[in-house]
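First up is the structure itself, then whatever we jot down about it.
No value in this document is a laboratory result; all are computed from the given coordinates. Quantities reported herein were computed from a predicted structural model and do not represent experimental measurements. Cβ atoms come from the backbone with ideal geometry, glycine included; neighbour counts cover every protein chain shown.
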Amino acid sequence: MWKKILYKKQAFPDNYVDQSFLCDLNNVNGESYSIQQSFFCTTAVTQEICCTCIFVVIFANLVSETLSPSFVISSSGLLVVIFYLFFSTFLDKTCYNLLSKGFEDLKSVVIFMSFALGFSSIMKTLTETISTDTVYAMSTFMFLVHLVFHDYGAHAVIVSETISINAAVFATVCLGSRLPNEIYTFALLLIGAEVFVLSPVPRRYIQENCPFGQVVLTVLLTCITMLLMGSFETPYLLCTTIVLVCVNFLCPLYFVYCQAHKRHISGPWDEAVVWSS
Amino acid sequence: MLLEKQKEYKSRKVIKKKQIRRHSICMVSDFFYPNMGGVESHIYQLSQCLLARGHKVIVITHAYGNRKGIRYMTSGLKVYYLPLLVIYNQCTLPTLFSTLPLLRNIFIREKVTVVHGHSAFSALALESVFHANTMGIKTVFTDHSLFGFADASAIITNKLLQMALILCNHVICVSHVGKENTVLRAKVRPSLVSVIPNAVDTTIFTPDPSKRNPDNVTIVVISRLVYRKGVDLLAGVIPILCKDYPQVHFLIGGEGPKRIDLEEVRERHQLQDRVTMLGAVDHNKVRDVLVCGDIFLNASLTEAFCMSIVEAAACGLQVVSTKVGGVPEVLPPDLVWLTEPSIAEGEHTRNHIYYVERNDKMFGKCRASIPAYTEIFENQK
């Protein structure tokens, strides 16, 4: 009878392969995601892409002066106030004292807006000497960086909210110099802060707590993006549609297909994990 | 009648000559003297045994500092120290083609018939297997370690190993777990892999109960003080044991980046007189340190074949080890007590100290068991 020991010479050859060979091998497949789960989880990515596209369209309209900065500032400010009140009173069930916290938030808003107003003239001249092509290329790259490093709810090493927000703000600053006036730059900065810094907060909350709301929001944002892109030119609309379809439908399908090939093998050769009592 | 006898004698002589066909064996590895370790001593001792059998053995390795060219060691062991670029941890840069001219020259010059590569971490060994196979020389590869599958370095190393082992005539692993691991990593046929465990030189590692301190129970730990040797476990267990058993003393030999953790534990719990740190122990002094102890503790997190526990058992110590890798296969259950790799393992070590205490009291019984240990290892030779 062959035994798995080394201290005794056994009556089998050295290269004998026993029936029990590799019996300690554990093939752990780990978590496998269904197609619905994958579709649902990629709606976060779609939302972020849509937000970026909406921001770019707003910028394009500001440059061509079809949109006035006062309209942008006032309408976005109103939206922020409405969403803030709605979010704080109805959705956030954690003891949210509107008065005290609201006053603190108002203080920080006032501080931010005054700083932004002060710096918008500096911002406008910051990248003015750089050629338009470079500015557009740089901001495109920065928006891509923002999309790659954004926190979509997955626990991955690549996720870095800091890099993501910094890249988006940097892109905003780059684009700000292409605008005709300081007020335009101030409006762009405000809308940039709202889209990239403030909007992820309620969107993340909805993603975690209200799946139906997440789907509705995604559909809404996609429709708005398509309308805005359509108002531009057809190539943009086509491009956006292809990207969104790929991201939200083709990529999850491929991911689920690839899962079948995933193997995580473990056995007695693994390095022991130290559990400190 | 005489003619027949003469014919028989001649034919026997011819058969004898055929049986002791003299090979020219070339050992290749990045790891050799002056670097000290398990693989290095394995290569050296294997070479000495083959030389004793009448074969010709040469060793090829990379240059260590000023040590370049050809050096000769005991029994005429010729060592080639090749001037190759060393990148990390005594391993050469894997270029494949830059080693071809040198290796081919050496193989032709020495009329090599068998090339034996050691250690999957050694790029030189893997490349030599390629080149030897191209030249029609028989190749053997010995894998000394266990490796994972999931991280980036593991994926690259496993692929390189797979490419090299396709060309090997035979593969040797040091334990059954090691064989399973190698077969999975390199996708090699299980029947191509032999399991040949390492051996200990029992003429050097002999017990000496007179060197022990009868008042204390001394626990000896000799290993490189790195994470994978379980220094964190050790740091957790030492204060617990020292608190519960006032007669327990620790003797820790070895150097490494984790030495600072043990020093810290020693300072924090005021165990300066109970825990002795010896620092790096010379290879020829290891036996002298081992015979001072009663128990040998091995807390490794992963081990293909733990040589140190065999050396300790040969010196008459009771071995306590973590149940990882190939350790359960190495020694019989009465010579080694296995525990799980956790701090709670301290619980088990308590029982073992109790047993050794009991043995110490029955000093006569302890002395009698030592000849039994040496007998087991003599028979295995």
Original post:
Helix A:161-176: angle to the longest alpha-carbon principal axis of chain A, degrees 0 to 90, nearest 10?
Top reply: 30 degrees
Subject >> Alpha-carbon centroid distance for the pair the range A:1-66 / the range A:123-159, whole angstrom >> reply: 28 Å
Subject >> DSSP loop GluC sites (Glu not before Pro) with at most 10 other Cβ within 10 Å: longest gap in chain A >> reply: A:32-232
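Give a quick list of trypsin sites (Lys or Arg not before Pro) in the range B:44-142 that DSSP marks as loop, anything other than H, G, I, E or B, with at most 15 other Cβ atoms within 10 Å.
Filter output for the range B:44-142: B:Arg53, B:Lys68, B:Lys111.
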Original post:
What is the distance in Å between the Cα centres of the range B:22-51 and the range B:167-187?
Top reply: 19 Å
Original post:
Relative to the Cα centre, what is the charge dipole magnitude of chain B, using +1 at the beta carbon of each Lys and Arg, -1 at the beta carbon of each Asp and Glu, and rounding to the nearest 20 debye?
Top reply: 2460 debye
Original post:
With contacts defined as alpha carbon pairs under 8 Å and 6 or more residues apart, what's the relative contact order of chain B in percent?
Top reply: 12 percent
**OP:** Give a quick list of chymotrypsin sites (Phe, Trp or Tyr not before Pro) in the range B:66-149 that DSSP marks as loop, anything other than H, G, I, E or B, with at most 16 other Cβ atoms within 10 Å.
**Re:** B:Phe97
**OP:** Could you work out the relative contact order of chain A, using alpha carbon pairs under 8 angstrom and six or more residues apart, expressed as a whole percent?
**Re:** 35 percent
Original post:
Summing +1 for each Lys or Arg and -1 for each Asp or Glu, what net charge is found among the other residues whose Cβ lies under 15 Å from the Cβ of B:Thr61?
Top reply: 0
Original post:
Rounded to two decimals, what is Rg over Rh for the protein assembly as shown when you use alpha-carbon atoms and the Kirkwood radius?
Top reply: 1.13
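Return the calculated 222 nm mean residue ellipticity for chain B, to the nearest 500 deg cm²/dmol, obtained by summing -39500 (n - 2.57) across DSSP H runs with n ≥ 4 and dividing by the residue count.
-13000 deg cm²/dmol
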Original post:
So, with +1 on the Cβ of K and R and -1 on the Cβ of D and E, and no other charges, what is the size of the charge dipole of the range A:127-277 about its Cα centre, to the nearest 20 debye?
Top reply: 360 debye
**OP:** Mind giving me the FRET efficiency for B:Asp215 and B:His283? R0 is 22 Å, r the Cβ-Cβ distance, nearest 0.05 is fine.
**Re:** 0.15
Original post:
With point charges of +1 on the Cβ of Lys and Arg and -1 on the Cβ of Asp and Glu, referenced to the Cα centre of the protein assembly as shown, which listed residue (A:Met113, A:Thr172, A:Thr240) lies farthest in the positive direction of the dipole?
Top reply: A:Thr240
**OP:** Take every DSSP beta bridge whose two residues both sit in chain B, then give the antiparallel share in percent to the nearest 5.
**Re:** 15 percent
Original post:
What percent do you get for the relative contact order of the range B:172-259 when only Cα pairs under 8 Å and 6+ apart count?
Top reply: 28 percent
**OP:** Sort out for me the Cα centre separation of the range B:109-166 from the range A:219-277, rounded to whole Å.
**Re:** 40 Å
Subject >> Modelled FRET efficiency - R0 60 Å, A:Ser88 with B:Gln247, Cβ distances, 0.05 increments >> reply: 0.35
Original post:
Quick one: putting +1 on the C-beta of Lys and Arg, -1 on the C-beta of Asp and Glu, what dipole do you get for the range B:215-312 around its Cα centre, in Debye to the nearest 20?
Top reply: 180 debye
**OP:** Scan chain A and report its longest stretch carrying no trypsin sites (Lys or Arg not before Pro) that are both in a DSSP loop and have at most 14 other Cβ atoms within 10 Å.
**Re:** A:94-261
Original post:
In which sequence would B:Ile70, B:Ile58 go, from the one with the fewest C-beta neighbours within 10 Å to the one with the most?
Top reply: B:Ile70, B:Ile58
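Take the Cβ-Cβ distance between A:Ser64 and B:Asn169 as r, set R0 to 60 Å, and report the resulting FRET efficiency rounded to the nearest 0.05.
Values: r = 75 Å, r/R0 = 1.25.
Between A:Ser64 and B:Asn169 the formula returns 0.20.
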Subject >> Pairwise label distance in nanometres, A:Ser108 with B:Lys5, each label 7 Å out on the Cα-Cβ vector >> reply: 11.0 nm
Original post:
Say each of B:Arg109 and A:Phe212 gets a label point 7 Å from the Cα, pointing the same way as Cα to Cβ; how far apart are those two points in nm?
Top reply: 8.3 nm
Subject >> Considering only the protein assembly as shown, percent of DSSP beta bridges that pair antiparallel, nearest 5 >> reply: 20 percent
**OP:** Could you tell me which of rounded, prolate or oblate describes the range A:105-177, using a ≥ b ≥ c as the square roots of the eigenvalues of the alpha-carbon gyration tensor, with rounded for a/c under 1.5 and, failing that, prolate when a/b is larger than b/c and oblate otherwise?
**Re:** oblate
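Please go through the residue pairs B:Lys68/B:Lys258; B:Lys56/B:Lys111; A:Lys3/B:Lys179 and name each one whose alpha carbons sit more than 21 Å apart in this structure.
From B:Lys68/B:Lys258; B:Lys56/B:Lys111; A:Lys3/B:Lys179, over 21 Å: B:Lys68/B:Lys258.
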Original post:
After finding the eigenvalues of the alpha carbon gyration tensor for the range B:115-208, what semi-axes result from the square roots of 5 times each, listed largest first in whole Å?
Top reply: 24, 17, 13
Original post:
Using a simple spin-label model with points 7 Å from Cα along the Cα→Cβ vector, what separation in nm is obtained for B:Glu263 and B:Gln45?
Top reply: 3.2 nm
Original post:
So for the protein assembly as shown, taking the charge dipole from beta-carbon charges (+1 Lys/Arg, -1 Asp/Glu), which of B:Ile60, A:Val215, A:Val197 sits furthest toward the positive end?
Top reply: B:Ile60
